[in-house]
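Read the structure below first, then the notes.
Every number here is computed from the coordinates shown, using simple stated rules; none is lab data. Bear in mind that the values here come from a model prediction, so they are computed numbers and not experimental data. Neighbour counts are summed over all protein chains in view; Cβ atoms, including those assigned to glycine, are modelled from backbone coordinates with ideal geometry.
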Amino acid sequence: METMGFLGPQGTHSEAAALWLNRQQAKPARLLPYPDIFSAIQAVTEGETDSALAPVENSLEGAVNITLDTLAQSDELIVARELIWDVHNQLMALCPKEDITTIYSHPQPLAQCRQYLKANFPKARLVSVASTAQAAEMVAQAGEKGNAAAICTTRAGEIYGLKAIAGEIQDSMVNCTRFYELRRRPALTLLETEAGRALIICQIDGQRAGSLCEVLEEFAHRQVNMTRIESRPARTALGVYIFFFDLEVEAGRSRQPLEDAIAAVRARSLWLKDLGRFPVLQTTAPENGR
């Protein structure tokens, strides 16, 4: 049986997404929780697991930098699938709402619920922890007199015996997270009848004026749609950056313009990593809030 790592423990949004993705497969994988995103990704690189489901971007808070940085530093990984997952945050506790003085959660949900927290708990201490499930566990361990609450999934609250204080507390109802299912090479591909995305990572000569514009033109004049661009420090010197390009793979269209564009960008780059062509799945199932 194959194995898939995710950001654990049980009850995280990552686990919920992994469970859903697992149900789409003819042969479900055994799910393995890891204490942080880096550990889950490294387990794939080192052959400990067959794949990992790692968050890469949230619609409210932007890129998940640890995932991007780890992909940029690895020569072993490719993207097998992308999952767009609707995020629903709940406030769970053992004590009454008026007694809450401390709120635990992962940094992303804390940021996604910023307006709600300011309006309802302006004096509460906000504590970042490794996952929403860990937040629920800490609240349970503190007990009813701990005056603590967790922003987590309903499933995490149920696992640790918490009760709902408020539901759907995210500042925007259009709150979703993109996940990558990461595997080791060789890269997978799509049939020409299938739509999806391609991901490339490269470093260009940022000291030369117009170098980024030239790269973008390679996509534009071949009519290759770039759906996202992200820059991250190269970690070699101040002001040196690497770029992540998400490119649309259109169903029924020849892949040659896409391949030609990537080849042209490679020629203009100091280095380039091609992480494959992959399908994009999306779900808005009610279970996402669990």
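Observations
- Among Ala150, Asn58, Thr132 the positive-end extreme of the charge dipole of the range 1-155 (Cβ point charges): Ala150
- Ordered by the number of other Cβ atoms lying within 10 Å of each residue's own Cβ, fewest first, Phe38, Phe243 fall into the sequence Phe38, Phe243.
- Ranked list, fewest to most other Cβ atoms within 10 Å of each Cβ, for Met92, Met138: Met138, Met92
- Theoretical ellipticity at 222 nm over the chain - DSSP helices of four or more residues, -39500 (n - 2.57) apiece, nearest 500: -8000 deg cm²/dmol
- Bridges between two residues of the chain, per DSSP, are antiparallel at a rate of about 70%.
- Euclidean distance between Cα centres, the range 7-42 to the range 44-115, Å: 12
- 17 Å Cα cut-off, lysine pairs counted over the chain (separation 8 or more, or different chains): 5
- Counting only DSSP beta bridges whose two residues both lie in the range 90-166, roughly 50 percent are antiparallel.
- Here the relative contact order of the range 196-278, from alpha carbon pairs under 8 Å that lie six or more residues apart, stands at 49 percent.
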